[in-house]
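Everything below concerns the one structure shown next.
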Amino acid sequence: MDLSYTQEELAFRDEVRTFLEEKLPKDMSDKIRRGEHIGKEGHELWHSILNEKGWLSYGWPKEFGGAEWNAVQRHIFEDECAAAYAPRIVPFGLSMLAPVLQKFGSKAQQDHYLPRILDGTNWWCQGYSEPGAGSDLASLKTRAVRDGDHYVVNGQKTWTTLGQYADWIFCLVRTDPDAKQQEGISFLLIDMNTPGIDVRPIILLDGTPEVNEVFFDNVRVPVENLVGEENKGWTYAKYLLTHERTGIAGVGFSRAGLDAVKRVARQESANGRPLIENPHFAARLAQVEIDLMAMSTTNLRIISQATAGQAPGVESSMLKVKGTIIRQEINDLARRAVGPYAMPFASEAVEGDNDPIGPDYAGPVAAQYFNNRKLSIFGGSNEIQRGIIAKVKMGG
Amino acid sequence: MDFNLTEERQMLQDTLRRFLSERYTTTERNAIIDSDTGLSTEIWGELAELGVIGALFTEDQGGFGGAGFDISTVFEELGRAGVVEPFLDTAILGGGLIAALGNDAQQGFVEDVIGGSLHLALAHGEPASRYDLSRVETTAKADGDDIVIEGRKAVVINAEAAGYLIVSAREGGGPFSLDGISLFLVPAEASGLTMQGYPMMSGGRAAEVTLDNVRVSASARLGAEGAGFQALTDVVARANVALAAEAMGAMESATELTREYLMTRKQFGRPIGTFQALAHRFSDLLIELEQARSAVTNAAGHLDSDDRDRQIAAARNLIARTGRLVAEEAIQMHGGIAMTQEYELAHIAKRIVMTDHRFGDADYHLERFIGLSAA
Ligand SMILES: Cc1cc2nc3c(=O)[nH]c(=O)nc-3n(C[C@H](O)[C@H](O)[C@H](O)COP(=O)(O)OP(=O)(O)OC[C@H]3O[C@@H](n4cnc5c(N)ncnc54)[C@H](O)[C@@H]3O)c2cc1C
């Protein structure tokens, strides 16, 4: 057993570090560090910087112009990006749609859509969830009916993250209402500019317009926008879920978050001493750090198995549950650390065009605490993940 | 032993609950939060008329209550409805200090508070004071018959609506000493007093207040020179009972909303409450809610006892722990819907969690409890 990276892996890490030092715009990482949003242009800029280096497609196979990094490399990259306060890569096109197209799409679809994901021509959003179909996704009702060389789509998607920026949406739609639930679903690519589509923002509890409702009223979608075969959409959507997800534990985000809390706790004082020396606060901080150290190794253990060709199964679910618990705990510590200055609602500060209220690190912490309650709800809630673990381990 | 509310308090509770459920709907409240002032003067006036503010003062002070259980009865209801209007700031803190310390002339303001025509704000916390009540660096210096105040006050809740700010300032002692803190009634429009106002995470507004060469007459002092700390401690004790009760009321709403949702939301063809993974956790919330209720009862019942501070520290610590659990679990068991601003639970959960940041979080009160228990 050897807990350290190999020489090659270390060299790779240094290469990533150097790249980030040189190419990650300072004002961008400052914004991320302060918990501010960077907007559509910001995300597009970061994508284009990565794409220029050939690293935007780091998870893609070489045949599609990807870097085809192994799991350890991907992990190193994600870790370093988080540590450098690089923006999160928007996953919808790059790591949700692209793998499906690469595996199940037609040659024409691959040739058309994949380059447009990389060069930023298209911004994709994910249209799976519906008001009545959350955890029970297979009960989705949005209907697509064949009419000549079109599908006519009617229904509603919801929780569509950053749908306000998107010009395309990949959707699960029901094409056979009589088949068993999972067997009547198809995977459709829909141009958001098609007549009949209405996008309405949903404001989240921290005040951010992060998600949307998307309504479809007789939306005509060309049949060539069907991915794979009709009524096989569930298989394709499931493929995504079993697709290796090295980033799921969010180790890098947790580490960066923990460092930020420590920085704040050194500056804040309680009873005339630095907060970080307060035994109660220090104990909370230490406990999270201990958990994170162990989870980070769990993550690496699973990653090295994956590199050795063993596909992770329930381990992904385990990492999702533990990873989100740790991240949410860190958000809670950040909120506590700033004391009364957690109370101001800093929507203006988050947008970055107003004087901060109190210390500049205090602005976004309460908002982040509330916003990140989502981590244990989306992407398969923690209850659903626990269900998967139990089912796999106990059969049934 | 009798754990029932007195007839008067029961009536107050019923009246308040009925009024708030009819008038203080989610839509109405969210509109108030979005408004420029962050409060409704109309609702304020109507609640004052119903006696909500009077209930927080004793008969001597011109009210008809003022005991721990009056405070807990009122604030439990305000918490249930997620009320954002500053009853704590104007009545408990501001009105409470004037009632405790004011001379005859100043006592007149209490009447205005009870009648609903005057708002107050306590300008005490400072950028570096966190939850430490004795840390005051703002200074007050005599200049002839005048007093000149210099300093900065942080997160002064309700400052913009207030006719007067009650400003703490040092006339003696070092930054942490208990002696030397004086309190002054400073008109909001006093020259040299500036505010940077902003909305708060869980509704309502506050301001950063700068006092630059603010000149008041010596008659603006509340109580004796340098002797404000005891009165501050006393009103903060009352505020802590109010905050604990308010959070507990909000926890009642959170569990009730969760109960309804678990019974009606269907996934996989059945109500999600039938999944044992959720049912047991819902039961835990109810168990913790009863703990919270009793902690509030302990604190309210000991408000005038020797054991006051320890009981209050216990209640605030327990409420901070169980409140966070209830808020987070209620959101989790709802799923995405609870993440939306317009859904009632989102606001209720924010009220619960943000209570931590007023007069001390779980750790602060744990430390106090340990210290007071050892004494
Ligand atoms: C901020 C945010 C962004 C999102 N972005 C997107 C997006 O871009 N695209 C998209 O398609 N979707 C998105 N989602 C939707 C997300 O995937 C769903 O919220 C999630 O699937 C849960 O569904 P639900 O909210 O309807 O909750 P429900 O499924 O109704 O669940 C409610 C509660 O019941 C629990 N539960 C459900 N079934 C069981 C069971 N069998 N056993 C035990 N407990 C159970 C859940 O865990 C949860 O606690 C987003 C959600 C959020 C909050």
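The values are calculated or read from the model by the stated rules, or taken from the named source; none is laboratory data. Just so we're clear, the structure is a prediction, and the values are computed from it rather than from any experiment. Using ideal geometry, Cβ is built from the backbone for each residue, glycine included, and neighbour counts are taken over all protein chains shown. Surface accessibility is based on the protein's heavy atoms, side chains included, excluding ligands, DNA and RNA. Shrake-Rupley method; radii C 1.70, N 1.55, O 1.52, S 1.80 Å.
When the stretch B:327-336 is limited to residues that are facing another protein chain (nearest Cβ under 9 Å) and either in contact with a Gly (Cβ under 8 Å, 6 or more places away or on another chain) or near the ligand (Cβ under 10 Å from one of its atoms) (or both), the one that is farthest from A:Val211 (Cα to Cα) turns out to be B:Met333.
Matching residues to (1) crowded, with 18+ Cβ neighbours inside 10 Å; (2) under 28 Å from A:Val211 (Cα atoms); (3) touching a Ser or Thr at 6+ places or on another chain (Cβ under 7 Å):
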residue: A:His47; (1), (2), (3): yes, yes, no
residue: A:Gly59; (1), (2), (3): yes, yes, yes
residue: A:Lys62; (1), (2), (3): no, no, no
residue: A:Pro87; (1), (2), (3): yes, yes, no
residue: A:Ala98; (1), (2), (3): yes, yes, no
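With respect to the conditions (1) within 16 Å of the ligand (Cβ to nearest atom); (2) open to solvent by 30 Å² or more (accessible area, probe 1.4 Å); (3) of a type in the set (A, V, I, L, M), A:Ala83 falls short on a single one, namely (1).
For (1) within 11 Å of chain B (Cβ to nearest Cβ); (2) over 30 Å from A:Arg386 (Cα atoms); (3) surrounded by fewer than 16 Cβ atoms within 10 Å (Cβ to Cβ); (4) more than 26 Å from the chain's Cα centre (by Cα), each residue gets a yes or a no:
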{"position": "A:Val261", "(1), (2), (3), (4)": "no, no, no, no"}
{"position": "A:Pro274", "(1), (2), (3), (4)": "no, yes, yes, yes"}
{"position": "A:Asn278", "(1), (2), (3), (4)": "yes, yes, no, yes"}
{"position": "A:Val288", "(1), (2), (3), (4)": "no, no, no, no"}
{"position": "A:Thr298", "(1), (2), (3), (4)": "no, no, no, no"}
{"position": "A:Gly309", "(1), (2), (3), (4)": "no, no, yes, no"}
{"position": "A:Val314", "(1), (2), (3), (4)": "no, no, yes, no"}
{"position": "A:Gln328", "(1), (2), (3), (4)": "yes, no, no, no"}
{"position": "A:Leu333", "(1), (2), (3), (4)": "yes, no, no, no"}
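Somewhere in the stretch A:119-129, is a residue surrounded by fewer than 23 Cβ atoms within 10 Å (Cβ to Cβ), away from the ligand (no atom under 16 Å from the Cβ) and in contact (Cβ under 8 Å) with a residue 40 or more places away in the chain? There is at least one residue in the stretch A:119-129 that is surrounded by fewer than 23 Cβ atoms within 10 Å (Cβ to Cβ), away from the ligand (no atom under 16 Å from the Cβ) and in contact (Cβ under 8 Å) with a residue 40 or more places away in the chain. Here A:Ala138 meets each of (1) open to solvent by less than 40 Å² (accessible area, probe 1.4 Å); (2) more than 12 Å from chain B (Cβ to nearest Cβ); (3) more than 7 Å from the ligand (Cβ to nearest atom) with one exception, condition (2).
So, B:Gly273, is that one touching a Leu at 6+ places or on another chain (Cβ under 6 Å) and not assigned by TED's automatic domain parsing to the domain that holds B:Pro86 or not?
Values: touching a Leu at 6+ places or on another chain (Cβ under 6 Å): yes; not assigned by TED's automatic domain parsing to the domain that holds B:Pro86: yes.
The answer is yes for B:Gly273.
When the residues of the stretch B:337-359 are filtered to those that are part of a helix (DSSP H, G or I), near the ligand (Cβ under 9 Å from one of its atoms) and open to solvent by less than 20 Å² (accessible area, probe 1.4 Å), which remaining residue is nearest to the other protein chains (Cβ to nearest Cβ)?
First, pick out the residues of the stretch B:337-359 that are part of a helix (DSSP H, G or I): B:337-339, B:344-357.
Cutting the leftovers down to near the ligand (Cβ under 9 Å from one of its atoms) gives us B:337-339.
Those still in the list that are open to solvent by less than 20 Å² (accessible area, probe 1.4 Å) too: B:338-339.
Details: B:Ala338: 8, B:Met339: 5 Å.
Out of the qualifying residues, it is B:Met339.
Just checking, how many residues over the stretch A:25-81 are part of a loop (DSSP other than H, G, I, E, B) and free of Cβ contacts under 8 Å to residues at least 60 places away in the same chain?
Of all residues in the stretch A:25-81, those part of a loop (DSSP other than H, G, I, E, B) come to A:25, A:34-38, A:54-61, A:65-70.
When the remaining residues are screened for being free of Cβ contacts under 8 Å to residues at least 60 places away in the same chain, the result is A:25, A:38, A:54-55, A:58-61, A:65-69.
Within the stretch A:25-81, residues that are part of a loop (DSSP other than H, G, I, E, B) and free of Cβ contacts under 8 Å to residues at least 60 places away in the same chain number 13.
Within the stretch B:306-326, being open to solvent by 40 Å² or more (accessible area, probe 1.4 Å) and either without any contact (Cβ under 8 Å) to a residue 40 or more places away in the chain or within 14 Å of chain A (Cβ to nearest Cβ) (or both) holds for B:Asp306, B:Asp307, B:Arg321, B:Arg324, B:Leu325.
Quick check: anything in the stretch B:124-140 more than 21 Å from A:Asn271 (Cα to Cα) and in contact (Cβ under 8 Å) with a residue 12 or more places away in the chain? Spell out the reasoning first.
From the stretch B:124-140, those more than 21 Å from A:Asn271 (Cα to Cα) are B:140; that's our starting set.
Next, only the ones that are in contact (Cβ under 8 Å) with a residue 12 or more places away in the chain stay: B:140.
Within the stretch B:124-140 (the criterion being more than 21 Å from A:Asn271 (Cα to Cα) and in contact (Cβ under 8 Å) with a residue 12 or more places away in the chain), the answer is yes, since at least one residue qualifies.
Do you know which residues across the stretch A:157-176 are of a type in the set (A, V, I, L, M) and near the ligand (Cβ under 10 Å from one of its atoms)?
We begin by selecting, within the stretch A:157-176, every residue of a type in the set (A, V, I, L, M); these are A:162, A:166, A:169, A:172-173.
Result: A:Leu162, A:Ala166, A:Ile169, A:Leu172.
For the stretch B:360-375, the tally of residues that are facing chain A (nearest Cβ under 10 Å) and over 19 Å from the mean Cα position of the chain (by Cα) stands at 3.
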